[in-house]
Amino acid sequence: MEVEFALDETDLVALARHHMEHSPGIRRRYRIRWIGASLGIGLMGVLLYTYLSLKAPALYLGAFAAFFLVLYPYYYRWLVGRTMRKIVTARLNPEAFAARTLRATPEGLELVSAGSKTAKTWDRISGIDVTPDRAFVAIDGEYAVVLPRLRLGDETYQRLIETIRRSANFPL
């Protein structure tokens, strides 16, 4: 199956947001930073109090660890929003908006865009998330391909999703 479509800014922003919020690798790094930094700061406070009997610095570090544990998720959401705004203002490069062709072959997915060709075998396709407006295809655990429903047409969109699910052995 072969489809040709172009992306616009909203598709690229949606892909970046979905990637940051749902990709397993990014979620794992987020949890490590959030919990790991809080535990590390708290542990430093305990060590200062236990071995050096420094009560005030230990108390400050404990308070900062609790503060970080509570406020880091809000900071991360703000960071994601700021990154999305930067993407939109930078307008990326013109090749990001060029027409592209996606082919579902027996070997895997092939994406041809602005003179470059990328092919991924079906075993590297690790998931597909379908939303009302778009579908996001994960390659090696990272969401990398967005399929806009409006520009593909409803019937073609549904057939493409079914083809990807069937070929990559995902439940229909």
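The values are calculated or read from the model by the stated rules, or taken from the named source; none is laboratory data. Just so it is clear, the structure is predicted and the values come from calculations on it, not from any experiment. Neighbour counts are summed over all protein chains in view; Cβ atoms, including those assigned to glycine, are modelled from backbone coordinates with ideal geometry. When the accessible area is computed, the model is the full protein with side chains, heavy atoms only, and any ligands, DNA or RNA have been set aside. Shrake-Rupley method; radii C 1.70, N 1.55, O 1.52, S 1.80 Å.
Taking R0 as 30 Å, what FRET efficiency do you get between Ala56 and Thr83 from their Cβ-Cβ distance, rounded to the nearest 0.05?
Using R0 = 30 Å, I get an efficiency of 0.20.
Excluding same-chain residues fewer than 8 positions from Lys120, which aspartates and glutamates have a Cα within less than 19 Å of its Cα?
Here the aspartates and glutamates satisfying the reach criterion relative to Lys120 are Glu2, Glu4, Glu107, Glu110, Asp129, Asp140, Glu142, Glu162.
Compare the Cα positions of Thr156, Ile35, Thr83 along the charge dipole of the chain (+1 at Cβ of Lys, Arg; -1 at Cβ of Asp, Glu; about the Cα centre) and return the one farthest towards the positive end.
Farthest towards the positive end: Ile35.
Heavy atoms of the protein only, probe of 1.4 Å, neighbouring chains included. What is the accessible area of Phe136 in Å², nearest 10?
Phe136 has an accessible surface of roughly 10 Å² with all protein chains in place.
Rounded, prolate or oblate: which fits the chain, taking a ≥ b ≥ c as square roots of the Cα gyration tensor eigenvalues, rounded meaning a/c under 1.5, else prolate when a/b beats b/c?
Prolate, because a/c is 1.5 or more and a/b exceeds b/c.
Could you tell me how many degrees, from 0 to 90 and to the nearest 10, lie between the Cα long axis of helix 154-167 and the main elongation axis, the longest principal axis, of the Cα atoms of the chain?
70 degrees
Between Ala63 and Arg166, what FRET efficiency follows from the Cβ-Cβ distance if R0 is 41 Å, with the result rounded to 0.05?
Efficiency computed from Cβ-Cβ geometry: 0.15.
Evaluate E = 1/(1 + (r/R0)^6) for Trp122 and Met44, where r is the Cβ-Cβ distance and R0 equals 41 Å; express this FRET efficiency to the nearest 0.05.
0.30
With springs connecting C-alpha atoms under 10 Å apart, model the chain as a Gaussian network and identify which of Arg149, Arg17, Arg33 has the largest mean-square fluctuation.
Most flexible of the set in this elastic network: Arg33.
Once you've got the GNM for the chain with C-alpha springs shorter than 10 Å, pick whichever of Ile139, Ile125, Ile41 has the biggest mean-square fluctuation.
Ile41
Ranked by accessible surface with a 1.4 Å probe, highest first, in what order do Asp129, Asp154 come?
If we order Asp129, Asp154 from most to least accessible, we get Asp154, Asp129.
Explain nothing, just the number: dipole magnitude of the stretch 1-66 about its Cα centre with +1 on each Lys and Arg Cβ and -1 on each Asp and Glu Cβ, in debye rounded to the nearest 20.
In debye, rounded to 20, the stretch 1-66 gives about 820.
Any chance you could give the angle, 0 to 90 degrees and rounded to 10, that helix 37-52 forms with the longest Cα principal axis of the chain?
Computed tilt is about 20 degrees.
Evaluate the distance, in nm, between pseudo-label points positioned 7 Å from the Cα of Tyr74 and of Leu150 along their respective Cα→Cβ axes.
With each label point 7 Å from Cα toward Cβ, the separation is 3.4 nm.
Looking at the chain as a GNM with Cα springs under 10 Å, which of Leu147, Leu102, Leu69 has the largest mean-square fluctuation?
In the Gaussian network model the winner is Leu69.
From the residues Val70, Ala135, Trp122, which one has its Cα farthest along the dipole of the chain in the positive direction, the dipole being from +1 and -1 charges on Cβ of Lys/Arg and Asp/Glu about the Cα centre?
Among Val70, Ala135, Trp122, the one farthest towards the positive end of the dipole of the chain is Val70.
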